[in-house]
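One structure is given here, and the rest of the page talks about it.
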Amino acid sequence: LDLDPEVGLKRAKIRSGELDRFEQENLEFHHRVRQAYLDQAHKEPHRIVVISVQHNTPEQVFELIKTHLISYISQR
């Protein structure tokens, strides 16, 4: 599930009122982690699917996940 780090950290702060040790890392760290995951997904599109949670509603995210899982299972 892909989300811009700034948005994700804001959501985390709203959710719990405070950030955990991982969430307290600097923003550059979060951008590097996100980019590493996106790079891996680009290298292995048959294995990793990127689904935007920033531009989809929770219901749309659920449907996208379900669709990808059903597709994956049917190919096996």
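Tabulated results
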| item | result |
| --- | --- |
| Those residues of the stretch 41-76 which are within 18 Å of Asp4 (Cβ to Cβ), open to solvent by 70 Å² or more (accessible area, probe 1.4 Å) and not in a loop (DSSP other than H, G, I, E, B), in sequence order | His42, Pro58, Gln60 |
| Test for Asp39: is it at pLDDT 95 or above, in contact with a strand residue (DSSP E or B) (Cβ under 9 Å, 6 or more places away or on another chain) and not hydrophobic (A, V, I, L, M, F, W, C) | no |
| Test: Ile14 is under 27 Å from His68 (Cβ atoms), without any contact (Cβ under 8 Å) to a residue 24 or more places away in the chain and either open to solvent by 90 Å² or more (accessible area, probe 1.4 Å) or in contact with a helix residue (DSSP H, G or I) (Cβ under 7 Å, 6 or more places away or on another chain) (or both) | no |
| Among residues of the stretch 12-48, those that are farther than 28 Å from Gln75 by Cβ and more than 13 Å from the chain's Cα centre (by Cα), counted | 19 |
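The values are calculated or read from the model by the stated rules, or taken from the named source; none is laboratory data. Just so you know, these numbers come straight off a predicted model, no measurement behind them. Cβ atoms come from the backbone with ideal geometry, glycine included; neighbour counts cover every protein chain shown. Protein only, heavy atoms only, side chains kept; ligands, DNA and RNA dropped before computing areas. Shrake-Rupley method; radii C 1.70, N 1.55, O 1.52, S 1.80 Å.
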